[in-house]
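Peer 1: Mind looking over this structure? Questions follow.
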Amino acid sequence: MTTGTFITLEGGEGAGKTTLLLHITSWLIQRQIKFITTREPGGTRLAEQVRNILLHQQELPVTPQAELLLMFAARAQNLAETIRPALAAGRVVLCDRFTDASFAYQGGGRKLGSAMVAQLEAVVHPDLQPDLTLLLDLPAATGMARKHADQPDRIESEQAAFFQRVRDAYLQRAAEAPGRIKIINAEQTEKKVASSAIEHIEKLFKSK
Ligand SMILES: Nc1ncnc2c1ncn2[C@@H]1O[C@H](COP(=O)(O)OP(=O)(O)OP(=O)(O)O)[C@@H](O)[C@H]1O
Ligand SMILES: [Mg+2]
């Protein structure tokens, strides 16, 4: 049983997840609500090393299956070290990407399919789902244009068709879990995106 609140932020490259995270944390600080933030892949020393391998060591070959398994290895560690203890302590946990990203990127983008991702989800966190997932949706090209990365990472180096599959898989997830996953039009201004996200969070707090 967890007593905290688990909120995840999802969406494609440059959709505005990290920007939104900052708006949400200042809103929580104003209300003196205790929270932690984390990100995936990452959030612990081991998981940050996995992140480095997956995103930045592009000379190292990684098969789609290995990528998926490493994502879940990092996630298992982040859950054990960071997410579960914070939830048990009653905190709000804000996570920049979580398992929906595996469905979108490895299931959709890498074409591994959702069944394989669901099997790993059932092993790693059969008992835990986010209370709320904010999905920042926008055309992939818009997100990529926002980021002026001169050194694109392994995933950012993918082609347009890959990002289209990522977006489609995210929207499919949202269609399957409309109670949990709230789609936010990420082409709106930063302010509008933030106020829409906070509306969803307020609703969640009222329902708890
Ligand atoms: N609603 C918005 N409208 C226009 N630009 C935005 C909006 N939200 C964020 N940005 C800008 O877009 C860029 C990418 O934003 P951000 O880093 O928050 O995206 P992200 O989803 O975290 O990206 P990544 O996938 O790399 O983690 C930043 O320069 C940010 O200032
Ligand atoms: Mg980010």
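Peer 1: Along each principal axis of its Cα atoms, how long is the chain end to end? Whole angstroms, biggest number first, please.
Peer 2: The Cα atoms of the chain stretch 45, 36, 31 Å along the principal axes, largest first.
Peer 1: What full-extension length gain, to one decimal in nm, is calculated for A177 and A115 as 0.36 nm per residue of separation minus the Cα-Cα distance?
Peer 2: So the extension gain works out to 20.7 nm.
Peer 1: So how do I29, I36 line up by other beta-carbon neighbours within 10 Å, fewest first?
Peer 2: Going from sparsest to densest Cβ surroundings: I29, I36.
Peer 1: Tally Lys/Arg at +1 and Asp/Glu at -1 over every other residue whose Cβ is under 12 Å from the Cβ of L60; what's the total?
Peer 2: Values: positive: R154; negative: E59, E67.
Charge balance in the 12 Å sphere: -1.
Peer 1: Lysine pairs, Cα distance under 19 Å, 8 or more residues apart or cross-chain: how many in the chain?
Peer 2: Here the count comes out as 15.
Peer 1: I would also like to ask the following. When the chain is modelled as a GNM with alpha-carbon springs shorter than 10 Å, which of K191, K182, K17 fluctuates the most?
Peer 2: Among K191, K182, K17, the largest mean-square fluctuation in the Gaussian network model of the chain belongs to K191.
Peer 1: Summing +1 for each Lys or Arg and -1 for each Asp or Glu, what net charge is found among the other residues whose Cβ lies under 13 Å from the Cβ of E190?
Peer 2: Around E190, the charge tally is +3.
Peer 1: In whole Hz, what ³J(HN,Hα) sequence does the stretch 196-208 give by Karplus (6.51, -1.76, 1.60; θ = phi - 60°), x for Gly and Pro?
Peer 2: Running phi through 6.51 cos²θ - 1.76 cosθ + 1.60 with θ = phi - 60° gives 5, 4, 5, 4, 5, 5, 4, 4, 4, 4, 5, 7, 8 Hz.
Laboratory data are not the source of any read-out in this text; all were calculated from the coordinates shown. These numbers were taken from a predicted model, which means no experiment stands behind them. Glycine gets a Cβ as well: all are built from the backbone with ideal geometry, and neighbour counts include every protein chain shown.
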